[in-house]
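Asker: First the structure, then my questions, so here it is.
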Amino acid sequence: MEVRRRQLINIFCILIVVGCVNTEDEKSPWKWECENSKCVKSLYDPASKEPALSLEACKMFCNEYGLLWPRPTGETNLGNFLSKININNIDMQIPKRGRSDSLLDEAGQRFRQIVSLAVPTGMSAKASGKALTIFIVNDNPDIKEFSLEMDESYTLRISSMSSERVNATITGNTFFGVRHGLETLSQLIVYDDIRDHLLIVRDVYITDKPTYPYRGILLDTARNYIDVDIIKSTIDASATVKLNAFHWHITDSQSFPFVMDSRPNLSRLGAYSPSKVYTKKIIKEIVEYGLVRGVRVIPEFDAPAHVGEGWQDTDLTVCFKAEPWSTYCVEPPCGQLNPTKEELYDVLFDIYKEMAEVFKTTDVFHMGGDEVSERCWNSSAQIRSFMLQNRWDLDKASYLKLWNYFQTKAQDKAYKAFGRRLPLILWTSTLTDYSHIENFLDKDDYIIQVWTTGQDPQISNLLKKGYRLILSNYDALYFDCGYGAWVGTGNNWCSPYIGWQKVYENRPKDMAREYSHLILGGEAALWTEQADSSSVEGRLWPRAAALAERLWSEPDTDWSQAEHRMLHMRERLVRMGYKPESLEPTWCYQNEGYCYN
């Protein structure tokens, strides 16, 4: 049946719907035919009356999921035909209106822009073909808030209504679902370089929803400042592959670029320069930019460790710039908050409150909590005195009590600042160890983000205790790995480099097994000790797209079954103006099946 379908595609689809090649219109000397699920290249004879498929048209019909990324999780029927559409005649109809109207209108504008970018630079699509009418049916148009329970499902139908019009209907239960449907629709429109036309796949029926509710990218903007346009491009590319979270690691011991009204000295002393800051106006703009694209922007204030620059005049830190730094922390400069200072919690409240004011759409808050050093705290006479006054020893177990003392008070300030008990995220650490986590952190309050390896027994043991997890295991999802060391010689600590194949094979289902329902999703992390605005896009893409399909679809098949689509997704990102890393020679893209064993 499958072979028969492919034969029909090759023989009839272009002949019936698009028409045969005219030598006057011919732009490319090549044609492609689908053979054994691969597009095979051959010269096209202008004298031949045989129909010809362009490369992207062939790829669209040469496997079950065409050029879609991530692949849908429900029914996927891409039909048998392509129709010419007029790029200047795309109309969107929204019968049911509500609070999300402005978001949907902007999403529609973005869709039109993406469709125009399907045409390669230097080429132009003919302004002829059928009109495209898109009907958006949002059953709950008043929902515009992120939540871990939000419905991101959608249904997409495409059909030819007449010789003059193609209809596409996208149905969803929220703005976020129909937005994803628009993203999928944009991927079903390809450029025909033989005829200079835009083509849309016809007779389509797709039902789709994500496997995991949290699918994200972490970007560190403290080790190196990242320009606002690169942050926006990261969010934009995330939306293209249906990632829905941008985790903003905005401060660290090296810099404090978050500009506050109540504590202006933190950024005045802590930013690399007055121009390398994030003002409230800028952050609000980025947050709204994310909302339109279905991407929540999550702030992280990492504490009680990872603080330093900006705090110089507060007398609220210990071991800042302590030497030798390797005695007190994992990278220079060292620095931790002093939990014994009561005024510290007033400063924390101000930071949390001003973050709550600008990160208005976030439904979670990241409190950091990694790499706390007992040696750092133990270097303070004031802290040692506080410990002894509380009848605590000066051992690791007692410093966990001090850490819990800090976390309990900080948690209370966070709830007051945000005005609600929103879910809190912490990195795995000695505090979150499964052997004692229940003594310190309530599973209903905290989500644990795993940064250790995918084989860490903490994963299964935390799941058994009922804790919800986000996976960022460094052996597959740290995208800063595989470069030269920046302290010392050789390669950096988490080398080697992680290829997209390993990202794709990082399977939450296999790690969680019967506790898969407690895996919220995952997140690729780009720490920027060795990256800045000039290199972020290449470090993230297209590897983050591999994560996107893993978390959206959780496919049972391996990376090799996705390679053809991955190569196209990379080309699509380039066409959309991003600068993803190259995966293979273009020859491999045009000659499927020859570049791997």
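Asker: Do we find that Lys232 is among the basic types (Lys, Arg) and farther than 28 Å from Asp350 by Cα in this structure?
Answerer: No.
Asker: Mind telling me which of the residues Tyr345, Tyr352 ends up being within 22 Å of Glu523 (Cβ to Cβ) and not in a loop (DSSP other than H, G, I, E, B)?
Answerer: Within the list Tyr345, Tyr352, the selection yields Tyr352.
Asker: Of all residues in the stretch 196-221, which are within 28 Å of Lys126 (Cβ to Cβ), part of a loop (DSSP other than H, G, I, E, B) and in contact with a Phe, Trp or Tyr (Cβ under 7 Å, 6 or more places away or on another chain)?
Answerer: Asp203 - this is the single residue of the stretch 196-221 that is within 28 Å of Lys126 (Cβ to Cβ), part of a loop (DSSP other than H, G, I, E, B) and in contact with a Phe, Trp or Tyr (Cβ under 7 Å, 6 or more places away or on another chain).
Asker: Sort out which residues of the stretch 475-509 are open to solvent by 60 Å² or more (accessible area, probe 1.4 Å) and in a helix (DSSP H, G or I), and write them in order of number.
Answerer: Correct list: Gln501, Lys502, Lys509.
Asker: What are the residues in the stretch 446-499 that are β-branched (Val, Ile, Thr) and either without any contact (Cβ under 8 Å) to a residue 40 or more places away in the chain or closer than 18 Å to Ile217 by Cα (or both), if any?
Answerer: Ile447, Ile448, Val450, Thr452, Thr453, Ile470, Thr489, Ile498
Asker: Let me ask another. Quick one: would you say Tyr225 is modelled with pLDDT of 95 or more, in contact with a Lys or Arg (Cβ under 6 Å, 6 or more places away or on another chain), assigned to a loop (DSSP other than H, G, I, E, B) and of a type in the set (Phe, Trp, Tyr)? Spell out how you get there, then give the answer.
Answerer: Values: modelled with pLDDT of 95 or more: yes; in contact with a Lys or Arg (Cβ under 6 Å, 6 or more places away or on another chain): yes; assigned to a loop (DSSP other than H, G, I, E, B): yes; of a type in the set (Phe, Trp, Tyr): yes.
Judged against the criteria, Tyr225 is a match.
Asker: Only one of these is under 25 Å from Arg165 (Cβ atoms), in contact with a strand residue (DSSP E or B) (Cβ under 9 Å, 6 or more places away or on another chain), among the hydrophobic types (A, V, I, L, M, F, W, C) and surrounded by 21 or more Cβ atoms within 10 Å (Cβ to Cβ): Met60, Met92. Name it.
Answerer: Unique residue meeting the criteria: Met60.
Asker: Which residue out of Ser128, Ser124, Ser102 is open to solvent by 10 Å² or more (accessible area, probe 1.4 Å), in the same structural domain as Arg179 (by the TED database) and within 21 Å of Ala168 (Cβ to Cβ)?
Answerer: Step by step, each of Ser128, Ser124, Ser102 is checked, and only Ser128 is open to solvent by 10 Å² or more (accessible area, probe 1.4 Å), in the same structural domain as Arg179 (by the TED database) and within 21 Å of Ala168 (Cβ to Cβ).
Asker: Same structure again: Can you find a residue in the stretch 253-271 that is in a loop (DSSP other than H, G, I, E, B), surrounded by 20 or more Cβ atoms within 10 Å (Cβ to Cβ) and of a type in the set (Ser, Thr, Tyr)?
Answerer: There is at least one residue in the stretch 253-271 that is in a loop (DSSP other than H, G, I, E, B), surrounded by 20 or more Cβ atoms within 10 Å (Cβ to Cβ) and of a type in the set (Ser, Thr, Tyr).
Asker: Select, from Glu537, Glu584, the only residue that is under 28 Å from Val119 (Cβ atoms) and not assigned by the TED database to the domain that holds Leu469.
Answerer: Every option except Glu584 fails the conditions.
Asker: Using the structure shown, decide if Ser159 is open to solvent by less than 60 Å² (accessible area, probe 1.4 Å) and polar (S, T, N, Q).
Answerer: Answer is yes for this residue.
Asker: What number of residues within the stretch 345-366 satisfy the criterion of being among the β-branched types (Val, Ile, Thr) and within 18 Å of Gln407 (Cβ to Cβ)?
Answerer: Selection size over the stretch 345-366: 3.
Asker: Looking at the stretch 46-71, I want the residues that are among the basic types (Lys, Arg) and have a partner that is buried (at least 20 other Cβ atoms within 10 Å of the Cβ) and not in a loop (DSSP other than H, G, I, E, B) with Cβ atoms under 7 Å, at least 6 apart or on another chain. Which pairs are those?
Answerer: Short answer, once both residue conditions are applied: Lys59/Cys39; Lys59/His564; Lys59/His568; Arg71/Glu549; Arg71/Ser553.
Asker: Hey, another quick one. Within the stretch 122-143, how many residues are assigned to a loop (DSSP other than H, G, I, E, B) and touching a residue at least 40 places away in the same chain (Cβ under 8 Å)?
Answerer: From the stretch 122-143, those assigned to a loop (DSSP other than H, G, I, E, B) are 122-129, 139-143; that's our starting set.
If we keep only those that are touching a residue at least 40 places away in the same chain (Cβ under 8 Å) too, we end up with 123-129, 139-143.
So the count comes out to 12.
Asker: Quick one: in the stretch 429-461, which of the residues that are under 15 Å from Gly521 (Cβ atoms) and not in a strand (DSSP E or B) is most open to solvent (accessible area, probe 1.4 Å)?
Answerer: Looking at the filtered set, the residue picked out is Trp451.
So that you can scan it fast, the table gives a plain yes or no per residue for (1) modelled with pLDDT under 95; (2) within 30 Å of Tyr212 (Cα to Cα); (3) among the hydroxyl-bearing types (Ser, Thr, Tyr):
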| site | (1), (2), (3) |
| --- | --- |
| Gly19 | yes, no, no |
| Lys27 | yes, no, no |
| Cys34 | yes, no, no |
| Cys39 | yes, no, no |
| Ser48 | yes, no, yes |
| Phe61 | yes, yes, no |
| Thr76 | no, yes, yes |
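Asker: Does any residue in the stretch 234-262 that is assigned by the TED database to the domain that holds Phe349 and over 30 Å from Arg572 (Cα atoms) come within less than 7 Å, Cβ to Cβ, of a residue that is surrounded by fewer than 23 Cβ atoms within 10 Å (Cβ to Cβ) and among the acidic types (Asp, Glu) six or more places away or on a different chain, and which pairs are these?
Answerer: Within 7 Å, the pairs are Thr251/Asp302; Asp252/Asp302; Met260/Asp350; Met260/Glu354; Asp261/Glu354; Ser262/Asp350; Ser262/Glu354.
Asker: Would a scan of the stretch 276-298 turn up a residue that is of a type in the set (Ser, Thr, Tyr), over 24 Å from the mean Cα position of the chain (by Cα) and assigned to a loop (DSSP other than H, G, I, E, B)?
Answerer: No, there is no match, as no residue in the stretch 276-298 is of a type in the set (Ser, Thr, Tyr), over 24 Å from the mean Cα position of the chain (by Cα) and assigned to a loop (DSSP other than H, G, I, E, B).
Asker: When only residues in the stretch 559-595 that are assigned to a loop (DSSP other than H, G, I, E, B) and closer than 19 Å to Phe61 by Cα count, which is least open to solvent (accessible area, probe 1.4 Å)? Full working, then the answer.
Answerer: Residues of the stretch 559-595 assigned to a loop (DSSP other than H, G, I, E, B): 562, 576-585, 591-595.
Within this subset, residues satisfying the condition of being closer than 19 Å to Phe61 by Cα are 562, 591-593.
Values: Ala562: 1, Asn591: 27, Glu592: 16, Gly593: 29 Å².
Per the stated criteria, the residue is Ala562.
Asker: Can I ask one more? What number of residues within the stretch 372-415 are surrounded by fewer than 17 Cβ atoms within 10 Å (Cβ to Cβ), in contact with a helix residue (DSSP H, G or I) (Cβ under 7 Å, 6 or more places away or on another chain) and not in a helix (DSSP H, G or I)?
Answerer: Residues that pass the stated criteria total 1.
Asker: How many residues does the stretch 191-211 contain that are within 24 Å of the chain's Cα centre (by Cα) and buried (at least 21 other Cβ atoms within 10 Å of the Cβ)? Full working, then the answer.
Answerer: From the stretch 191-211, those within 24 Å of the chain's Cα centre (by Cα) are 206-211; that's our starting set.
Imposing the further condition that a residue be buried (at least 21 other Cβ atoms within 10 Å of the Cβ) reduces the set to 206, 208, 210.
The total comes to 3.
Asker: Assuming Pro274 fulfils every condition listed in (1) over 12 Å from Val228 (Cα atoms); (2) open to solvent by less than 10 Å² (accessible area, probe 1.4 Å); (3) of a type outside the set (Lys, Arg) apart from one, which condition is it?
Answerer: All conditions pass for Pro274, except number (2).
Asker: Check the stretch 502-520 and report whether any residue there is in the same structural domain as Ile425 (by the TED database), farther than 16 Å from Gly454 by Cβ and polar (S, T, N, Q).
Answerer: No, there is no match, as no residue in the stretch 502-520 is in the same structural domain as Ile425 (by the TED database), farther than 16 Å from Gly454 by Cβ and polar (S, T, N, Q).
Asker: How many of the residues making up the stretch 525-558 are open to solvent by 10 Å² or more (accessible area, probe 1.4 Å) and either within 21 Å of Cys62 (Cα to Cα) or in contact with a Gly (Cβ under 7 Å, 6 or more places away or on another chain) (or both)?
Answerer: 4
The values are calculated or read from the model by the stated rules, or taken from the named source; none is laboratory data. All of these numbers come straight from a predicted model, not from anything done at the bench. A quick note on method: Cβ atoms are made from the backbone with ideal geometry, for glycine too, and the neighbour counts reach across all protein chains shown. SASA here: full protein model, heavy atoms, side chains in, ligands and nucleic acids out. Shrake-Rupley method; radii C 1.70, N 1.55, O 1.52, S 1.80 Å.
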